[in-house]
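Sharing a structure here in structure tokens format.
The values are calculated or read from the model by the stated rules, or taken from the named source; none is laboratory data. Worth saying up front: this structure is predicted, and the values here are computed from it rather than measured. Note that we place each Cβ from the backbone using ideal geometry, even for glycine, and neighbour counts take in every protein chain shown. To get the accessible areas, we keep the full protein, side chains included, count just its heavy atoms, and leave off ligands, DNA and RNA. Shrake-Rupley method; radii C 1.70, N 1.55, O 1.52, S 1.80 Å.
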Amino acid sequence: MDGVLNLLKPPGMTSHDVVDVVRRAAGLRRVGHTGTLDPGAAGVLVCCLGRATRLSEILMETDKEYRVELRLGVRTSTGDAYGEVLPPDPSGGTARPPLTRAALETVLKRFTGEILQVPPMVSAIHHEGARLYQLARRGEAVELQPRSVTVYRIEILWVNRDRCSALLDVVCGRGTYIRKLCADIGDAMGMGGYAHFMVRTRSGRFQLGDALTLEELADVAGRSALADVLLSMDQAVAHLPAVDLPERSVVEVLNGHAVPLWKLGEAALAEDSGAGPAGARLVRLRSRRGTLIALARVDAGMLRPVKVLAGPEGGLVAHRPRPG
């Protein structure tokens, strides 16, 4: 069973917990997800099954969208509602500045675009063989270096002055920690802050409105209908341009060989938009029947396979492409 599931992770479960649920439902060990959600967060968790796990790193690179309530005036040890409340910053004084939409909009501009973010200590990042949250549990402090992340947009949906909070929609790139973003915004406002609740509403092309609950997953699995809700590998990476290969080129790609563009002709390179994939980072290579064969890079007039996904009998034939 190969394909991708768009699931709604409930709060209170880790992303790994959800993967275990999928493994049991599918009777399959080879399952992974495409981006961790904090245990306290809810929302879209994309799970890859079977050979589709080889697409995980591609799907991780897509942008993500979150809806988060930023609660100001309080700092927590984790940047969310599940951490310990920290004492006020003495350098900030005792008076809390009033929350206005204009003041918040001014600060948010500083957190839009490519920014530097120090990851939270309670996170799944590896440090010298251990995850940071494991070190945090042992009381070990680590000096973390800031990372470059991209925040494409922050939209204010509402501001509640009484609760000193704001509801935000955030669109960001890979590696952005929303609870750390909220904490940093609160510090920039001069009053501290944390993510009171958070929902991932989109991961790449996967939308919250289309996500299956775990109850729905159990139902379809109980009816042996899991294949009906799986998105195919080709559909999962439909954001990449597609090239339909002639049969002779399919055989070359299945053996890890690069294919010269001149063999395919202009028609094979045409996209619906009218633009070919020559400038694309990755393209899908498909058989004329629409089966996803591989992902490839366009390089110096060649299509060079980087992930060969299917063989003549549907099996995996190459983990590492040979040079063409």
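Under 28 Å between alpha carbons, and skipping anything fewer than 8 positions from K263 in its own chain: which lysines qualify?
Straight-distance partners of K263: K307.
How large a share of the accessible area of region 9-51, in percent, is made up of carbon and sulfur atoms when the probe is 1.4 Å and the other protein chains stay in place?
55 percent
While we're here: How do the peptides 236-245, 217-226, 286-295 rank, highest first, by the average count of neighbouring beta carbon atoms within 10 Å per residue?
Ranking the peptides 236-245, 217-226, 286-295 by packing returns 236-245, 286-295, 217-226.
Give the accessible surface of region 161-202 per residue, rounded to a whole number of Å², with probe radius 1.4 Å and ligands, DNA and RNA excluded.
That works out to 32 Å² for each residue.
Going by average Cβ density within 10 Å per residue, which order do the peptides 200-209, 21-30 take, highest to lowest?
200-209, 21-30
Order Y194, Y82, Y177, most accessible first, counting only protein heavy atoms with a 1.4 angstrom probe.
Ranked list, largest accessible area first: Y82, Y177, Y194.
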